[in-house]
Each structure stands twice: as structure tokens, then as C-alpha cells.
Amino acid sequence: MIAYEVRRVHSCEFCGTDDQALGTDSSLDRAKSIAEHDAGLALEWAWFAGGEWPLSADPGDGVYLYYIYARENTA
């Protein structure tokens, strides 16, 4: 079974990289909702090259990027 892991990343020259896990869900739509709730707005999602994971979204303010990774659930 696939689990969708949602992450929020901030990276800049002043504070380095801050990568935070926001949650995991078995539904891709709910995983997108986790990120959109955190961002406070609807996000446009893009696939990495070749349509592979992760999905990424930039809310446009240049502060955070959101990523969704498909992880194989081994439990």
C-alpha cells in the first residue's frame, strides 16, 4: 500500500534548509489538502521530470515549497 508523505521545505542563504514533515495519508487528495491547509491557499502541483515522485508546489510567496512523496508502506 502507498502512503503519501507531505513535506514543507524552506531554504535560503540566511537560515539554511528547514525540512518539516506535515503528515502522511493513504489518499493523494487528502495529502494535497494537508499542504494546502498549511499554505492557506490552493496549490498547483507539478510532477518532477518524467512524471515521477515527488509532486511539488510553490505557493508563490517564495518562502516554502511543498512536496508529496509516494512511499511504499511496509507495515
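The values are calculated or read from the model by the stated rules, or taken from the named source; none is laboratory data. Treat the numbers as computed from the prediction; the structure is a model and nothing was measured. Virtual Cβ from ideal backbone geometry, glycine too; neighbours counted across all protein chains shown. Note: accessible area is taken over every heavy atom of the protein model, side chains too, but ligands, DNA and RNA are not part of it. Shrake-Rupley method; radii C 1.70, N 1.55, O 1.52, S 1.80 Å.
Working only within the range 41-56, note down all residues that are open to solvent by less than 60 Å² (accessible area, probe 1.4 Å) and within 17 Å of I2 (Cβ to Cβ). Once the filter is applied, which keeps residues that are open to solvent by less than 60 Å² (accessible area, probe 1.4 Å) and within 17 Å of I2 (Cβ to Cβ), the range 41-56 yields W45, G51, P54, L55. Scanning the range 59-67 turns up at least one residue that is touching a residue at least 12 places away in the same chain (Cβ under 8 Å), of a type outside the set (S, T, N, Q), in a strand (DSSP E or B) and open to solvent by less than 60 Å² (accessible area, probe 1.4 Å). Annotation: of all residues in the range 1-21 being touching a residue at least 40 places away in the same chain (Cβ under 8 Å) and among the hydrophobic types (A, V, I, L, M, F, W, C), the one that is surrounded by the most Cβ atoms within 10 Å (Cβ to Cβ) is V6.
Can you confirm whether E72 is in contact (Cβ under 8 Å) with a residue 24 or more places away in the chain, surrounded by fewer than 10 Cβ atoms within 10 Å (Cβ to Cβ) and charged (D, E, K, R)?
Against the criterion (in contact (Cβ under 8 Å) with a residue 24 or more places away in the chain, surrounded by fewer than 10 Cβ atoms within 10 Å (Cβ to Cβ) and charged (D, E, K, R)), E72 qualifies.
If the condition is being outside any strand (DSSP E or B), farther than 19 Å from T74 by Cα and open to solvent by 40 Å² or more (accessible area, probe 1.4 Å), then the range 22-40 contributes D29, R30, K32, S33, I34, E36, H37, D38, G40. Condition check: β-branched (V, I, T) and part of a loop (DSSP other than H, G, I, E, B). Does T74 satisfy that? Against the criterion (β-branched (V, I, T) and part of a loop (DSSP other than H, G, I, E, B)), T74 qualifies.
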